[in-house]
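Written below as structure tokens is the structure these notes are about.
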Amino acid sequence: KDFSATGFHKATMEEIAREAEFSEGTLYNFFKSKIDLYLSLIEEKSQELLDYLHKQVSKAVGAGEKIRWLIKAQMAFFDKNTNFFKIFVRERNNFEWATQKDRASRLSKVYKAYIDFVARTIKDDLNHGEFRNLNPRETAYALAGLLNSFVCRWPRSSKREQPFDQTPFLTEIFLKGVQKSR
């Protein structure tokens with residue numbers, strides 16, 4: 001069964017266990033509930049993303065390249081993990097009410113690490129003098145918002161493009177903005 005097509009929220013723990021080739025009891029040995037399973041999946045994929053970004057951005061050479069590598073790597077990661085992100089985008093609102101406290105404690109650490117990494121990456125490029133002197137943390141939130149909005153829109157889009165297809169556009173918008181040059 002493809003949960004990215006049918007929806008994780010509608011699936012039962014029994015169906016999930018069957019798909020994972022575990023007994024339902026074994027699944028409950030690892031996760032206390034479906035919400036716990038869902039949050040664990042998000043934590044795991046978020047950490048994978050962060051590790052992947054570290055590895056890819058370290059390849060950048062020269063001022064301004066780290067941000068380009070970061071955007072490219074993040075969109076490539078979304079491309080490689082299409083089914084997971086379809087589930088995430090589709091189901092995030094279904095679990096919102098039930099996970100506020102849990103989400104705040106479990107996922108905010110991973111998101112903070114992500115923002116810290118993006119802010120350091122931006123600060124490194126700012127220190128080379130290629131960009132305007134902006135607050136790296138606020139700029140990191142702006143970049144995260146830009147990338148996340150495309151990923152959240154993409155599974156519902158009628159176009160069949162993949163997130164990675166948007167990399168040049170996103171890089172251009174972030175680095176150069178929308179205003180015409182004078």
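A few notes on this one:
- Once the range 20-40 is narrowed to residues that are part of a helix (DSSP H, G or I) and open to solvent by 70 Å² or more (accessible area, probe 1.4 Å), the residue that is nearest to residue 108 (Cα to Cα) is 30.
So that you can scan it fast, the table gives a plain yes or no per residue for (1) β-branched (Val, Ile, Thr); (2) modelled with pLDDT of 90 or more; (3) open to solvent by 40 Å² or more (accessible area, probe 1.4 Å); (4) in contact with a helix residue (DSSP H, G or I) (Cβ under 6 Å, 6 or more places away or on another chain):
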site	(1), (2), (3), (4)
105	no, no, yes, no
115	yes, yes, no, yes
119	no, yes, no, yes
124	no, no, yes, yes
127	no, no, yes, no
137	no, yes, yes, yes
141	no, yes, yes, no
147	no, no, no, yes
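- Candidates 17, 11 - the one that is small (Gly, Ala, Ser), more than 30 Å from residue 171 (Cα to Cα) and in a helix (DSSP H, G or I): 17
- Residue list for the range 135-149, filter: outside any loop (DSSP other than H, G, I, E, B) and without any contact (Cβ under 8 Å) to a residue 60 or more places away in the chain: 136, 137, 138, 139, 140, 141, 142, 144, 145, 146, 148, 149
The values are calculated or read from the model by the stated rules, or taken from the named source; none is laboratory data. Source: prediction; values computed, not measured. Using ideal geometry, Cβ is built from the backbone for each residue, glycine included, and neighbour counts are taken over all protein chains shown. Surface areas here come from the heavy atoms of the whole protein model, side chains and all, with no ligands, DNA or RNA. Shrake-Rupley method; radii C 1.70, N 1.55, O 1.52, S 1.80 Å.
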